[in-house]
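Taken together, the values in this text are just the output of simple stated rules run on the coordinates, not laboratory data. Keep in mind that this is a model prediction, so the values were computed, not measured. Positions of Cβ are generated from backbone atoms using ideal geometry, with glycine treated the same way; all protein chains shown enter the neighbour counts.
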Amino acid sequence: MNDRQGPLIDIIAGARPNFMKIAPIIRAIEARQAGGSRLRYRLVHTGQHYDERMSGDFFVQLGIPKPNVNLEVGSGTQAEQTASIMTRYEKLLLAELSQLCLVVGDVTSTMACAITAQKLCVPVAHVEAGIRSGDWTMPEEINRMVTDSITNWFFTTSENANANLRRSGVSADRIFFVGNTMIDTLLANLDRLRPPDFWATLKLEPNRYFVMTLHRPANVDVNGHFADLLAAIGEGTRHYPVVFPVHPRTSKTLQVIVDFPANLHLVEPQPYLEFNYLVKHAKAVITDSGGITEESTVMGVPCFTLRDSTERPETVSVGTNELIGTNPKNLKPHLDRLFAGQWKKGSIPEKWDGRTGERIAAILERIL
Ligand code: UD1
């Protein structure tokens with residue numbers, strides 16, 4: 001935050017996938033401040049993610065300033081988290097109103113802060129607006145829909161998102177197709193990526209291992225299904241090591257599974273630079289995340305998404321991603337195709353060029 005009086009923007013971040021999305025926006029605002037801009041920002045961490053490995057490490061590695069405020073909401077059910085974020089953010093706004101609430105992505109903090117701000121007549125800008133999976137069983141889809149229904153300015157990553165917004169009645173002058181801030185962060189850090197400590201102990205070699213992340217309830221909350229999925233992955237990957245950084249939610253289910261494939265290596269959630277090093281050099285990525293499908297697309301690494309839908313269809317139509325579904329039987333034929341060298345090459349979606357944060361800051365300056 002700087003002291004010069006000018007419009008104050010609350011930048012909201014709460015959970016791991018938010019941190020790489022806010023970093024380039026903050027950098028771009030600070031660059032404008034250095035050039036005389038009067039824009040000010042207040043960085044608000046809701047505390048939805050609080051472990052060092054899910055939060056603090058990302059701030060350090062990505063050079064994100066210490067939050068001005070941490071609402072420290074911690075874990076809870078969807079409703080508990082939402083209520084707690086709203087109550088605490090409302091107190092902050094009542095103490096000092098901002099002129100804009102800028103939210104990113106689709107986590108619970110995104111939706112909760114957007115509602116709170118708009119009810120106090122603070123306009124909302126949503127970065128990564130307009131994407132839709134159509135799957136209402138995922139809390140993120142509800143968060144996207146609610147947030148976009150009360151957003152004033154929409155910053156989008158794709159023409160698909162623009163079309164979704166136009167279809168829902170948003171006028172074209174409120175939609176800004178700016179590209180992808182997560183990719184700004186990736187491109188800015190490609191040269192800094194570094195191997196994790198276990199690279200040597202697990203004897204990992206480029207293009208001779210897989211990296212996997214799974215944490216969606218549909219994959220990890222039903223014990224029998226999760227065990228079957230792991231068995232199918234173990235078999236289909238032909239003894240190549242599969243490195244599996246385990247999200248806290250997933251580790252709870254894993255505790256009751258006894259039969260692990262021998263080539264599966266469970267590791268802690270990885271910091272940003274180490275995780276993306278693993279992705280960059282992997283034979284392929286197996287995931288149920290959305291953001292990782294974008295990063296693997298840009299790095300040209302084959303990506304298997306274990307979901308039936310995606311809110312990021314350009315990672316499939318343009319990029320390296322394919323939807324495999326959640327049925328363990330689906331995996332082997334696709335892995336066989338990969339081993340036969342028949343995976344598509346993919347290219348990089350429009351405007352995913354590393355300049356999105358700058359475009360957003362320039363537009364914010366204009367709007368405010
Ligand atoms: C959240 C996001 C999801 C994102 C994921 C990435 C929502 C609805 N979902 O899901 O989109 O892909 O983050 O990481 O916002 N926990 C810890 N330490 C932490 C954070 C969580 O131990 O720092 C544990 C808690 O037991 C908690 C559970 O993980 O109950 C789930 O955390 P929560 O923030 O509710 O959702 P995620 O599954 O992490």
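A few points about this structure:
- Across segment 108-137, the qualifying residues are those that are closer than 20 Å to Asn180 by Cβ and surrounded by fewer than 24 Cβ atoms within 10 Å (Cβ to Cβ), and the one among them that is farthest from the ligand (Cβ to nearest atom) is Arg132.
- Residue check, Asp148 away from the ligand (no atom under 13 Å from the Cβ), among the acidic types (Asp, Glu), without any contact (Cβ under 8 Å) to a residue 24 or more places away in the chain and surrounded by 21 or more Cβ atoms within 10 Å (Cβ to Cβ): yes
- Of the residues making up segment 38-57, those that are surrounded by 24 or more Cβ atoms within 10 Å (Cβ to Cβ) and not β-branched (Val, Ile, Thr) number 4.
- Filtering segment 70-95 to residues that are closer than 16 Å to Asp10 by Cβ and touching a Ser or Thr at 6+ places or on another chain (Cβ under 6 Å) leaves Leu71, Val73, Ile85, Met86, Tyr89, Glu90.
- Residue selected from segment 261-277 under the condition hydrophobic (A, V, I, L, M, F, W, C) and away from the ligand (no atom under 16 Å from the Cβ), by the criterion nearest to Glu52 (Cα to Cα): Leu273
Yes/no per residue for (1) within 16 Å of the ligand (Cβ to nearest atom); (2) part of a loop (DSSP other than H, G, I, E, B); (3) more than 20 Å from the chain's Cα centre (by Cα):
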{"site": "Thr185", "(1), (2), (3)": "yes, no, no"}
{"site": "Leu190", "(1), (2), (3)": "no, no, no"}
{"site": "Pro195", "(1), (2), (3)": "no, yes, yes"}
{"site": "Arg208", "(1), (2), (3)": "no, yes, yes"}
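- Applying the criterion of being over 15 Å from Asp288 (Cβ atoms) and assigned to a helix (DSSP H, G or I) to the residues of segment 230-247, the residue that is farthest from the ligand (Cβ to nearest atom) is Glu235.
- Matching entry among Phe198, Phe210, Phe260, Phe226 (being within 19 Å of Cys303 (Cβ to Cβ) and surrounded by 13 or more Cβ atoms within 10 Å (Cβ to Cβ)): Phe210
- Pair list, Cβ < 9 Å and 6+ apart or interchain, from segment 72-95 residues that are in contact (Cβ under 8 Å) with a residue 12 or more places away in the chain to residues that are acidic (Asp, Glu) and not in a helix (DSSP H, G or I): Arg88/Glu72; Tyr89/Asp10; Leu92/Asp10; Leu93/Asp10
- Taken over segment 248-260, residues that are more than 8 Å from the ligand (Cβ to nearest atom) and not β-branched (Val, Ile, Thr) amount to 5.
- Residues located in segment 24-50, provided they are touching a residue at least 60 places away in the same chain (Cβ under 8 Å) and within 16 Å of the ligand (Cβ to nearest atom): Val44, Thr46, Gln48
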